[in-house]
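Participant: Dropping the structure in here first, questions after.
The values are calculated or read from the model by the stated rules, or taken from the named source; none is laboratory data. Please read these numbers as outputs of a predicted model, since none were measured by experiment. Using ideal geometry, Cβ is built from the backbone for each residue, glycine included, and neighbour counts are taken over all protein chains shown.
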Amino acid sequence: MEHIIKQGMGIKEVQDKLRSADGYFVTNTARDLSQSDFKNRILLHTDLLAAKSRENAGFFSLEITGGASVHVDILRKQVDPFLKLKLLREKMPNTMFQTLCRGVNLFGYRPYPPNVIRMTVSEFAKYVDVWRVFDFMNHIPNMQAVFEEVQKAGKILEPSICFSTGPEHTDEFYVKKVDEILDVTGDEILLCIKNHGGLGTPKRIGDLVDAIKQKHPDLIIHYHGHNTDGNDIGRITAAVLNGATIVDAADHAFTGYYGPPPILSVIQTLKEYDQKAEGIDEKAIIETSEVLRHERDHYEYFESQFKGFAPTVQIHKLPGGAMGSSFEQAVKGEFLDKMPEILHEELPKVQIELGNWWSVTPGSQILWTTAVSNVQGEERYGNPSGDLKNLLLGKYGPFPFYKPADWIYEKVFGSDWQKILEEEGGVEAIEDMDIDKERQTLTERLGYGPTNQQLVTYLQHPNDAVDFFKFEEKFGHVYVLPPSIFLRRGGFKLGETLKFRDHNGKEHVIEIGPKQKSEEDEWNVYLNVDHEQRVFLFQEEAQQAGGVAPAEQLSKKEIAELAKNGDIRASFSGNVCEISVEEDQEVADGDRLIVLEAMKMQTPVTCELSGMVERIFVKVGQAVQPGDKLLSIITGEE
Amino acid sequence: MKKKILVANRGEIALRVIRAIQELGHTAVAIYETPDNEALHIRTADEAVWIGDGPRSDYLNIDKVIKAAKKSEAEAIHPGYGFLAENPDFAKACEDEGIIFIGPSSEVITNLGDKVIARKIMADADIPMVPGTQNLNAGDDGVQQAIEFGRKYGYPIMLKATAGGGGRGIRQIDDESQLREEIPIARAEAKAAFNNDNVYLEKVVLTPKHVEVQVIADKLGNTVHLGTRDCSIQRRNQKLVEIAPSMIEDQELLDSICNTAVKAAKAANYANAGTVEFLIDKDMNYYFMEINTRVQVEHTVTEMITGIDIVRTQIKLALGKNLAFSQDDVQLRGHAIEMRINAEDPRNNFMPEGGKNVSVYRSPGGYGVRLDGFVYQGYTIPEVYDSLLVKLTVFGFSWNETVDRLKRCLTNFVITGPKTTIPFYLNLVNDDDFKKGDFDTSYLDTHTHLFEYEDVKSEVNKLSKLIAEIHYKGENSYAI
């Protein structure tokens, strides 16, 4: 079927095609589905299998990058986010690719300097046609730099208004936000209603679309929602009937609970209302799911620990993209039993207390971490994260409706919170970065000159990018491995034959041989690689995850006790992102010693006694486990 | 009658000779030094004798080799190339002990090994030669002789050790003052290397082609040639790529070179297989260089285009048979190219990669492909011997077909562990001048782009590392 919307069309042509069509268009949100229901682990291998039929399906766009996926690409899936787009483009020449960009936070969790934004957008714009941009505070200036770069690159700009519910979230408020966006961008845009939690009823969404259309009849609305409560098809239907032109949905073989609903169900429902899915080939949509169906088993490990829809999302408002990882953290952190309290009592309370803005990255992480720590800790707001502090200081932008109460400020910053707020509060202008210097640093770390795309990846997530590039040098282009190999749990069966085609298109066959312990306590793993026997040596201790010696088994309480005596240890697993002191430095109670980063959140480790830093055991970028020594402090008493 | 023949060599040539011995129905005896005690030639031979710890010294020890022959009751010895192959004392020792030396007589080796005597024999037979001197007289007198030669023929000139060979003991002299300086140094070096401090001079033929003729003669004096080989592609006077026949289009010239080679062999009373080497200058003048009195590394290309098994013929002649074919029976067909696949890093001045383990070895095959190798999966490259892993020889009906086949073979060759000359050769077979057959001894110096390539690590080796890790740990640490 001839594509109505084609990759390479400019915004004006796209707007004309959309406006002149009678029906509505569909975006396949493969990335959001992967993030919401499979912890972002759907491999490029699987997307490549689906590429041909997805190309034939005639979507408005395929959302295949952005959000947390860029980070997970290099951190877990071990695939270059640019190479991924390039390979998909080869198989999908006509379909527009769509990204989700977190405004100044790009594809990371903190604001980037203007020149980094410029470079990142221009590199990704080589592959990405539609740029959905949002800010969790709906603070337009936080998105402006990206708006400008996308328009400069001649790509389709799709600013978002994040949607939520509550007395403040009126049509009037949102229409005013749309006005603010149009003031900045002009009318050569598409507008996204970003309902990342799948909040509100069909009626609520229908009313909102109608209100915006009343004010801006020519504005093209792209509705994005999640099916967390099982009712997004209702909201999509209401959106289309009230004038939305594009809607988001996903391949049914992979739909779960927290991602977008099945494309085919959306089409079938809207047919009853005489609404036609423009350009869509239903056969190709069915074919895609027939291909994907066989792959789903391999991803079972990454599906949510809790099965079933979660209509309680209307209470806790967690975005679909954070649902799976929340349950995962609850299991890993052994607080699954506290989830009802966290989700249904504490989280809604924290939402209201902190301003009832939009629960989406990075705001959703702030709400979630705060709620978890409020329930787990001794007192509410007693252990504030660095990001909560930044939020309260207004570093992410002004509170849209109201400021949190004074007692929260006092709890977080202490009695002189007003002084701190006065001195440190407000959005900070971020200076350009010395990119040449960064390139130099990366060159030194890699041992060769990086490409611009490597540099961009590095600028988003420096340590993880370097680890990935080194991984690729050692292990090659592992995206060629199917999920049955890459995600295999429990090892392979003796005599099992693995077949795959490498990056250069060459077929290979690997037969699994025995693993035996040698007299020197080394493990020999035998493989028949392309009919040649190979032996791989492993040292016994390397069996610990990541080759790190096991951390001492200390309870949280024991770690806290040790800290009071100057033996500062990590209380959770994360990365050291800042060391705030030096050896031999005098420190006092309350001083910041180290900042750890985990689950996208930065948490300072503060000093609980006065003394001198004796020794620092860790380096910036190092991964630590609970109980690992960070530094030691000696007091004058000894 | 079944005979026992000892192979006084190692590496691929030992295997090559063992194969011919076994094909003739004789018994092959290998010798080895300790570092070679796992080597392939021992496994392939019918018997093997350990001759010492070496390295190299025992393969070069005439007494030990003769002792091994006697111990194993071998009636003949094939010396291969290198080691004792062109040592007249070894041939003499065999003769004295009543062991058949598979090669020319010790007298012929002595005469042809002494470059000055060789030049005299060739001059008497009217063989064209690069102008040169006799052995220089000792002391100042010799220096004076040299200076006069330089003034007459101009610089550059070559200062050569009389007992040198195989590219060793040669130095280029660019002016008179350098000549004065270098003569004593060259003498001292020749004394140390060859136990003979005689040196002589030759005019330099600039950027010549190196063309040689395979000759073969029986004791009755029947002497035939097996056509030409071009060995111009060399590094530091060591051959890398050899081609048969020469790509020179002037057939009359090539015929004339071949006939001259036969004439030269006859003049030297040559018996058995040998190689007459010539230089050809820009104006297509050719000059006799030397006769190598052994089987050459590159004999394979001649075998491919003539169909004649040179080593088999060598053995039969040495055991008393006469040549079973005449010059008219020798027909040249098609083209053959040999590449020496060495464990070396071409980009690092061909630094040998000794000590490394060959973890994967997969060789190409198919029509027109011949491999003479010594390497196998799991082979550790000895640091004490040369770096030749395998000779890849391809044959084709036309030159283009041969180059295409060579390229295919190089692409399909997988050797993991050491760096090899393969990526360099891949650049070479893609080079326009090579494809046209246009090269001389300056080829490597004038085609420096051949050294520009990336070391490609096998993708499947990297991937299998991860698969082994998943298998070992029970999961992929990136999939948790």
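Participant: Do you know which residues across region A:442-488 are hydroxyl-bearing (Ser, Thr, Tyr), assigned to a helix (DSSP H, G or I) and surrounded by fewer than 16 Cβ atoms within 10 Å (Cβ to Cβ)? Show your work before the answer.
Facilitator: Filtering region A:442-488 down to residues hydroxyl-bearing (Ser, Thr, Tyr) leaves A:443, A:448, A:451, A:457-458, A:479, A:484.
Of the ones still in play, those that are also assigned to a helix (DSSP H, G or I) are A:443, A:457-458, A:479, A:484.
The answer is A:443, A:484.
Participant: Determine if region A:534-542 includes at least one residue that is at pLDDT 80 or above, under 30 Å from residue A:517 (Cβ atoms) and charged (D, E, K, R).
Facilitator: The answer is yes; a qualifying residue exists.
Participant: Determine which member of the set B:384, B:369, B:360, B:390 is touching a strand residue (DSSP E or B) at 6+ places or on another chain (Cβ under 6 Å) and modelled with pLDDT under 95.
Facilitator: B:360
Participant: For the list (1) part of a helix (DSSP H, G or I); (2) within 12 Å of chain B (Cβ to nearest Cβ), I need the number of the one condition that residue A:492 fails.
Facilitator: (1)
Participant: Restricting the first residue to region A:496-509 and requiring it to be more than 9 Å from every other protein chain (Cβ to nearest Cβ), which pairs with a second residue that is hydroxyl-bearing (Ser, Thr, Tyr) and surrounded by 11 or more Cβ atoms within 10 Å (Cβ to Cβ) meet a Cβ separation below 9 Å and a spacing of at least six or different chains?
Facilitator: Final answer for the pair search is A:509/A:497.
Participant: When you scan region B:165-212, how many residues do you find that are in contact with a strand residue (DSSP E or B) (Cβ under 8 Å, 6 or more places away or on another chain), aliphatic (A, V, I, L, M) and farther than 21 Å from residue B:152 by Cβ?
Facilitator: Counting residues in region B:165-212 that are in contact with a strand residue (DSSP E or B) (Cβ under 8 Å, 6 or more places away or on another chain), aliphatic (A, V, I, L, M) and farther than 21 Å from residue B:152 by Cβ gives 3.
Participant: Which of the residues belonging to region B:76-109 are surrounded by fewer than 18 Cβ atoms within 10 Å (Cβ to Cβ) and either in a helix (DSSP H, G or I) or of a type in the set (Asp, Glu) (or both)?
Facilitator: B:89, B:92, B:95, B:96, B:97, B:107
Participant: Does region A:100-121 hold any residues that are closer than 18 Å to residue A:158 by Cβ and free of Cβ contacts under 8 Å to residues at least 60 places away in the same chain, and which are they?
Facilitator: Selection gives A:101, A:103, A:117, A:121.
Participant: Looking at region A:1-13, can you tell me whether even one residue there is under 25 Å from the mean Cα position of the chain (by Cα) and in a helix (DSSP H, G or I)?
Facilitator: Among the residues of region A:1-13, not one is under 25 Å from the mean Cα position of the chain (by Cα) and in a helix (DSSP H, G or I), which makes the answer no.
Participant: Does residue B:422 satisfy being within 14 Å of chain A (Cβ to nearest Cβ), among the aliphatic types (A, V, I, L, M) and crowded, with 20+ Cβ neighbours inside 10 Å? Even if it seems obvious, please write down each step before you answer.
Facilitator: Details: within 14 Å of chain A (Cβ to nearest Cβ): no; among the aliphatic types (A, V, I, L, M): yes; crowded, with 20+ Cβ neighbours inside 10 Å: yes.
Considered against the rule, which asks whether it is within 14 Å of chain A (Cβ to nearest Cβ), among the aliphatic types (A, V, I, L, M) and crowded, with 20+ Cβ neighbours inside 10 Å, residue B:422 comes out as no.
Participant: Same structure, new question: Exactly one condition in (1) without any contact (Cβ under 8 Å) to a residue 60 or more places away in the chain; (2) out of contact with any Phe, Trp or Tyr (no Cβ under 6 Å at 6 or more places or on another chain) is false for residue A:64; which is it?
Facilitator: Tallying (1) without any contact (Cβ under 8 Å) to a residue 60 or more places away in the chain; (2) out of contact with any Phe, Trp or Tyr (no Cβ under 6 Å at 6 or more places or on another chain), residue A:64 fails exactly one: (2).
Participant: Within region A:330-385, can you find the residues that are in a loop (DSSP other than H, G, I, E, B) and β-branched (Val, Ile, Thr)? Walk me through how you get there before you give the answer.
Facilitator: Residues of region A:330-385 in a loop (DSSP other than H, G, I, E, B): A:333-335, A:355-362, A:377-385.
Correct list: A:360, A:361.
Participant: Tally time: how many residues in region B:362-403 are farther than 30 Å from residue B:33 by Cβ and touching a helix residue (DSSP H, G or I) at 6+ places or on another chain (Cβ under 9 Å)? Can you show your working first?
Facilitator: Residues of region B:362-403 that are farther than 30 Å from residue B:33 by Cβ, as a first pass: B:364-369, B:394-403.
Among the residues that remain, those that are also touching a helix residue (DSSP H, G or I) at 6+ places or on another chain (Cβ under 9 Å) are: B:364-369, B:394-396, B:399-400, B:403.
So the count comes out to 12.
Participant: Filter region B:1-35 for residues that are outside any helix (DSSP H, G or I), of a type in the set (Val, Ile, Thr) and out of contact with any Ser or Thr (no Cβ under 6 Å at 6 or more places or on another chain) and give the result. Give the steps one after another, and end with the answer.
Facilitator: Of region B:1-35, the ones outside any helix (DSSP H, G or I) are B:1-10, B:24-33.
Still in the running and of a type in the set (Val, Ile, Thr): B:5, B:7, B:27, B:29, B:31.
Once the filter is applied, which keeps residues that are outside any helix (DSSP H, G or I), of a type in the set (Val, Ile, Thr) and out of contact with any Ser or Thr (no Cβ under 6 Å at 6 or more places or on another chain), region B:1-35 yields B:5, B:7, B:27, B:31.
Participant: Can you say whether residue A:61 is more than 18 Å from residue A:130 (Cβ to Cβ) and either surrounded by fewer than 23 Cβ atoms within 10 Å (Cβ to Cβ) or among the polar types (S, T, N, Q) (or both), as far as the supplied structure shows?
Facilitator: Here the answer is no, as residue A:61 does not meet what is asked.
Participant: Which residue, of A:64, A:42, is in contact with a strand residue (DSSP E or B) (Cβ under 8 Å, 6 or more places away or on another chain) and either more than 20 Å from residue A:221 (Cβ to Cβ) or away from chain B (no Cβ under 14 Å) (or both)?
Facilitator: A:64
Participant: Something else about it: If you check residue A:91 against the conditions, is it more than 15 Å from the chain's Cα centre (by Cα), under 24 Å from residue A:301 (Cβ atoms), surrounded by fewer than 23 Cβ atoms within 10 Å (Cβ to Cβ) and more than 14 Å from chain B (Cβ to nearest Cβ)?
Facilitator: no
Participant: Test of understanding: among A:512, A:485, which residue is within 25 Å of residue A:293 (Cα to Cα), facing another protein chain (nearest Cβ under 7 Å) and at pLDDT 90 or above?
Facilitator: Among A:512, A:485, only A:485 is within 25 Å of residue A:293 (Cα to Cα), facing another protein chain (nearest Cβ under 7 Å) and at pLDDT 90 or above.
Participant: Name the single residue, out of those in region B:454-480 being of a type in the set (D, E, K, R) and within 15 Å of residue A:536 (Cβ to Cβ), that is nearest to the other protein chains (Cβ to nearest Cβ).
Facilitator: Here the residue is B:462.
Participant: In this structure, is residue A:520 without any contact (Cβ under 8 Å) to a residue 40 or more places away in the chain, more than 9 Å from chain B (Cβ to nearest Cβ) and not in a strand (DSSP E or B)? Before the answer, list the steps.
Facilitator: Working: without any contact (Cβ under 8 Å) to a residue 40 or more places away in the chain: yes; more than 9 Å from chain B (Cβ to nearest Cβ): yes; not in a strand (DSSP E or B): yes.
Taking the combined requirement at face value, the residue satisfies it.
Participant: Now a separate question. Looking only at strands (runs of 3 or more DSSP E) that fall completely inside region B:160-232, which ones have 3 or more residues that are buried (at least 22 other Cβ atoms within 10 Å of the Cβ)?
Facilitator: B:199-203, B:209-217, B:223-230
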